[in-house]
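Bear in mind that the values in this text are calculations on the coordinates, not laboratory data. Values in this document were obtained by computation on a predicted structure and should not be read as measured data. Positions of Cβ are generated from backbone atoms using ideal geometry, with glycine treated the same way; all protein chains shown enter the neighbour counts.
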Amino acid sequence: MKIEKKIIKSIKMNQVNVCVLGSSGVGKTSFIRKVNHQPFEPKYIPTLAPINTIIEYDDEITFNFTDIPGQQVFNFINEYDIAIIMFDVSHYISYKNINFWISKFLTKNEGKKYIICGNKIDIDPQYHKITEGQYIEISSKVGESYSYILNELKTKINE
């Protein structure tokens, strides 16, 4: 009888704590659902408390996403490694609120990095009101460019 030896390679994953911030209704929850391979939910259901979702990205990194409620009365921003500041490309007020969310994040995360993300690019382009500044465009509904955001997170963490 021949006994096979199995070598188990132990890989220590780095857990990266990511908060996803932005005004209500910009698609933060939908983004996290898409990254977690869950179907798009067309009905808007507001997030009322932080929700954590752990996603193994690759052999090196596990992302711990925290979906932060978009109502500005909530103050759930703690210490994180990096943030995604999200807005709706068809809703100018959500874009104008970016500086508010950056300020909130940096208050408890001084010197940390963040990515600005414009969501809902699947909406008819005539409704896109944001043409200024640098940001990454995605669609949580159809899944466009969401993997690019994950690559950017990994790149920024490793810088």
q = 0.18, 0.19 Å⁻¹, the range 74-159: log10 I(q)/I(0) [Debye, one scatterer per Cα]: -0.82, -0.91
Whole-Å semi-axes of the ellipsoid equivalent to the range 14-158 (Cα gyration tensor, √5λ, descending): 21, 18, 15
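What is the sum of charges, Lys and Arg at +1 and Asp and Glu at -1, for the other residues whose Cβ falls under 12 Å from the Cβ of residue 88? Please report the intermediate quantities before stating the final value.
Working: positive: 28, 96, 120, 129, 141; negative: 122, 137.
Result for the local shell: +3.
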Centre separation in Å (Cα based) which lies between the range 23-65 and the range 71-121: 15
Relative exposure of 44, 57, judged by other C-beta atoms within 10 Å (fewest first): 44, 57
Segments 34-41, 19-26, 113-120, 88-95 sorted - mean Cβ within 10 Å per residue, highest first: 19-26, 113-120, 88-95, 34-41
